[in-house]
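The values are calculated or read from the model by the stated rules, or taken from the named source; none is laboratory data. This one's a predicted model, so the numbers in the text were calculated from it and none came from an experiment. Reconstructed Cβ throughout: ideal geometry from the backbone, glycine too, with neighbour counts over all protein chains shown. Ligands, DNA and RNA are excluded from the accessible area calculation, which covers all protein heavy atoms including side chains. Shrake-Rupley method; radii C 1.70, N 1.55, O 1.52, S 1.80 Å.
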Amino acid sequence: ACLIRAIIGPSVTDRLMAVNMMGTIVIVIIGILALLLKEGYLMDVAIIYAIISFLAVVVLAKIYIGTFIQGRQD
């Protein structure tokens, strides 16, 4: 459902939230795998992925806000 919302979302904010939700789902799946497989390094991978996902959403939001403000000035 998140992938569909990311592709055909009616607004940019819907797409941004869908991408954020997909990142969260992947982090949860990696965490569950780490517990089931008893592999500690997978939790490190999940933490790094969370940081990268967070930074990606912040950068995309910053780009969206910049284009929104620039569009209002024209």
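What to note about this one:
- For the chain, the list of chymotrypsin sites (Phe, Trp or Tyr not before Pro) that fall in a loop by DSSP and count at most 16 other C-beta atoms within 10 angstrom is empty.
- The apolar share of the surface of the chain, taken as the fraction of accessible area on carbon and sulfur atoms (1.4 Å probe, ligands and nucleic acids excluded), comes to 74 percent.
- Förster radius 35 Å - calculated FRET efficiency between Asp44 and Cys2 (Cβ-Cβ, nearest 0.05): 0.90
- Total formal charge among the other residues, if their Cβ is under 11 angstrom from that of Ile30, Lys/Arg +1 and Asp/Glu -1: -2
- The chain: most fluctuating residue of Ile63, Ile25, Ile47 per GNM, C-alpha cutoff 10 Å: Ile63
- Residue-normalised accessible area of the chain, given per residue in Å² at a 1.4 Å probe: 78 Å²
- Residues within the reach of a label modelled at Leu36 (point 7 angstrom out along Cα to beta-carbon, backbone nitrogen below 13 Å), restricted to segment 12-28, are 28.
- Rounded to the nearest angstrom and listed largest first, the equivalent-ellipsoid semi-axes of the chain from its Cα gyration tensor are 32, 14, 5.
- Loop-located trypsin sites (Lys or Arg not before Pro) in the chain, at most 16 other Cβ atoms within 10 Å (DSSP): Lys38
- 15 Å beta-carbon shell around Leu3, net charge (K/R +1, D/E -1): +1
- Computed helical MRE - 222 nm, the chain, DSSP H runs ≥ 4 contributing -39500 (n - 2.57), nearest 500: -31000 deg cm²/dmol
- Nonlocal amide H pairs with Gly9, under 5 Å, H built at 1.01 Å: none
- Crossing angle, helix 41-73 versus the chain [Cα axis fit, 0-90 degrees, rounded to tens]: 0 degrees
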